[in-house]
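Chemist: Below: one structure in structure tokens.
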Amino acid sequence: MKKRIAILATHGFEESELESPKEQLEQQGWEALIISPEAGSIQSWAEKKWGKEYPVDRVIGEADSTEFDALVLPGGVLNPDKLRTNEEALDFIRDFFDQQKPVAAICHGPQLLINAGVVGGRRMTSVASIRVDLVNAGADWVDEEVVVDAGLVTSRTPRDLPAFNKKMVEEIQEGVHA
């Protein structure tokens, strides 16, 4: 069955954390759409400088979570910092949790989950700099390359992408997590 996955991002996402999962999803024969508050294209951050631009497939206000099988949240410092104050983005994220669909977040991406109010009681990992934020929001934070908790996949940094991508695909194949 062909799956459809939303990748929520804005300017300043870490390039590898969007590009690598998107390629992995498309290798499964699935459709991976970039959803953003901005129309047109969004620019990546590639380690220490601005990177490539990526076309936006749908503006967040026109995206409906029921059309998607899963959600991917790339990191980068700028991307989640901008999105975590965007109520449309936070509502979109909450909808995936309400529907018990798989969500995969890497690096700083879990900051969005804090603001969406969905980390309490969840076993998670992230980039070390937001560990305290996750713990303060009620998550059980661990330092592991990939953590899966009832359909929620989290990883620390781009070096964890192989493990992150593998678990993300497994969780999406499993589907809704009751």
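Chemist: Scan Asp81, Asp98 and give me the residue that is loosely packed, with under 13 Cβ neighbours inside 10 Å, over 24 Å from Glu23 (Cβ atoms) and of a type outside the set (Gly, Ala, Ser).
Modeler: Just one listed residue meets the conditions, Asp98.
Chemist: When you scan segment 8-25, do you find a residue that is more than 25 Å from Arg156 (Cα to Cα) and surrounded by fewer than 19 Cβ atoms within 10 Å (Cβ to Cβ), even just one?
Modeler: The first filter runs over segment 8-25 and keeps only residues more than 25 Å from Arg156 (Cα to Cα), leaving none.
The answer is no; no qualifying residue exists.
Chemist: Now for a different question. Could you please give the count of residues in segment 26-40 that are in contact with a helix residue (DSSP H, G or I) (Cβ under 7 Å, 6 or more places away or on another chain), small (Gly, Ala, Ser) and surrounded by fewer than 18 Cβ atoms within 10 Å (Cβ to Cβ)?
Modeler: 0
Chemist: Pull up segment 23-41, narrow it to residues that are of a type outside the set (Val, Ile, Thr) and touching a residue at least 40 places away in the same chain (Cβ under 8 Å), then point me to the one that is farthest from Ile172 (Cα to Cα).
Modeler: First, pick out the residues of segment 23-41 that are of a type outside the set (Val, Ile, Thr): 23-33, 36-41.
Those still in the list that are touching a residue at least 40 places away in the same chain (Cβ under 8 Å) too: 24-25, 28, 30, 32, 37.
On the way: Gln24: 12, Leu25: 9, Gln28: 11, Trp30: 10, Ala32: 12, Pro37: 24 Å.
Among residues in segment 23-41 that are of a type outside the set (Val, Ile, Thr) and touching a residue at least 40 places away in the same chain (Cβ under 8 Å), the one farthest from Ile172 (Cα to Cα) is Pro37.
Chemist: So which strands (runs of 3 or more DSSP E) stay within segment 1-119 end to end and still have 3 or more residues that are closer than 18 Å to Ile130 by Cβ and modelled with pLDDT of 95 or more?
Modeler: Answer list for segment 1-119: 103-106.
Chemist: Just for segment 128-163: of the residues that are touching a Ser or Thr at 6+ places or on another chain (Cβ under 7 Å) and without any contact (Cβ under 8 Å) to a residue 24 or more places away in the chain, which one is surrounded by the fewest Cβ atoms within 10 Å (Cβ to Cβ)?
Modeler: So, considering only residues that are touching a Ser or Thr at 6+ places or on another chain (Cβ under 7 Å) and without any contact (Cβ under 8 Å) to a residue 24 or more places away in the chain, the one surrounded by the fewest Cβ atoms within 10 Å (Cβ to Cβ) is Asp143.
Chemist: Any residue in segment 62-71 that is crowded, with 17+ Cβ neighbours inside 10 Å and of a type in the set (Asp, Glu)?
Modeler: Scanning segment 62-71 turns up at least one residue that is crowded, with 17+ Cβ neighbours inside 10 Å and of a type in the set (Asp, Glu).
The values are calculated or read from the model by the stated rules, or taken from the named source; none is laboratory data. Predicted model only: the values in this text are computed from it and were never measured. Backbone-built Cβ (ideal geometry, glycine too); neighbour counts: all protein chains shown.
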